[in-house]
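The values are calculated or read from the model by the stated rules, or taken from the named source; none is laboratory data. Computed from a predicted model, the values in this text were never measured in an experiment. Because the Cβ atoms are built from the backbone with ideal geometry, glycine has one as well, and the counts that use them run over all protein chains shown.
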Amino acid sequence: MKIGVFDSGVGGLTVLKALTKAYPHVDFVYLGDTARVPYGDKSAQTVIRYSLECAEFLMGEGIDLLVVACNTASSYALDVLKEILTIPVFGVLEPGVKRALQTTKNKRVGVIGTRATINSNSYKKLLETNGVEVFQKACPLFVPMVEEGILDGDIAKGVVAHYLKDIKDKNIDTLILGCTHYPLLKPIIEDFMGEGVNVVDSAECTAMEVASYIVGGGTSTLNLYFTDRSPGLDFLIELILEKPVDYQLLTLPCKV
Ligand code: DGL
């Protein structure tokens, strides 16, 4: 069995890592669209177009199941991909929401993500239909901060406090990390939010969600593709996967 995973860049490797840990015998092919990252400040139309191109490439690799690791792409393109593709397609939103609904006691949940994800209200809608009050916050500096490798220390703590101070006052008991990069900041986010707040990492929940679709094994191959060798790419791959992994470069069709 071969699982395809795509993201706007390297952040989706947090999801890939959870998947490879959960299903070590399965084959994986990962595409990070580093040439066009970030998706988080693009329009819905552009995010959908890019997502279709990523999916088309992965379908050509013979995948049996697709995981859209990017929260922004999941927010805007998941329905289109589900409609077009003939294989099971998973996003990262529903698994995170499911976990949040299991953990919240006071039905007050926070969601943080890119501007595009927060503006789409995708998490909010899913949570509200389940009777939950939602407090959202876009945290645009988190992605570049992670990409700079700033995961702790005064700068990181200051930025976390800057974005999360309002949400902290809202008496939430659950906070969804609605962006691929945020699991890397989980320790300092948990620290800032305090013990009463359960921080939900969509990456782990998504890996569990696909469990019933895993049929047969594979040869444990892991093929990584990126659309640009950006300066920090090797550093970030090693930071997230905790080891250096080889990759190939490719160019996606760009029908502007
Ligand atoms: N992968 C994106 C997400 O999860 C974050 C980076 C970007 O803006 O493209 O929303």
Please go through region 51-79 and pick out each residue that is surrounded by 15 or more Cβ atoms within 10 Å (Cβ to Cβ), within 23 Å of Ser212 (Cα to Cα) and more than 12 Å from the ligand (Cβ to nearest atom).
Ala55, Leu58, Met59, Ile63, Asp64, Leu65, Leu66, Val67, Leu78
Within region 221-245, count every residue that is within 21 Å of Ala55 (Cα to Cα) and assigned to a loop (DSSP other than H, G, I, E, B).
4
Go through region 34-50 and count every residue that is near the ligand (Cβ under 10 Å from one of its atoms), touching a helix residue (DSSP H, G or I) at 6+ places or on another chain (Cβ under 8 Å) and under 29 Å from Leu127 (Cα atoms).
7
Taking region 168-203 only, how many residues are of a type outside the set (A, V, I, L, M, F, W, C) and more than 15 Å from the ligand (Cβ to nearest atom)?
13
Residue list for region 96-126, restricted to those being surrounded by fewer than 24 Cβ atoms within 10 Å (Cβ to Cβ), over 24 Å from Gln45 (Cα atoms) and in contact (Cβ under 8 Å) with a residue 12 or more places away in the chain:
Lys98, Arg99, Leu101, Thr103, Thr104, Lys105, Asn106, Lys107, Arg108
Region 181-200, residues that are part of a strand (DSSP E or B) and without any contact (Cβ under 8 Å) to a residue 40 or more places away in the chain
Val199
Can you name every residue in region 201-220 that is among the small types (Gly, Ala, Ser) and either part of a helix (DSSP H, G or I) or over 15 Å from Asp27 (Cβ atoms) (or both)?
Ser202, Ala203, Ala207, Ala211, Ser212
Region 230-252, subset under 21 Å from Gly60 (Cβ atoms) and surrounded by fewer than 16 Cβ atoms within 10 Å (Cβ to Cβ), residue modelled with the lowest pLDDT:
Thr251
Among the residues of region 1-50, how many are surrounded by 23 or more Cβ atoms within 10 Å (Cβ to Cβ), within 13 Å of the chain's Cα centre (by Cα) and among the small types (Gly, Ala, Ser)?
6
Cβ contacts < 7 Å: first residue at negative phi, restricted to region 63-74; second residue near the ligand (Cβ under 10 Å from one of its atoms) and of a type in the set (Asp, Glu), any location; separation 6+ or different chain. Result?
Ala69/Asp7; Cys70/Asp7
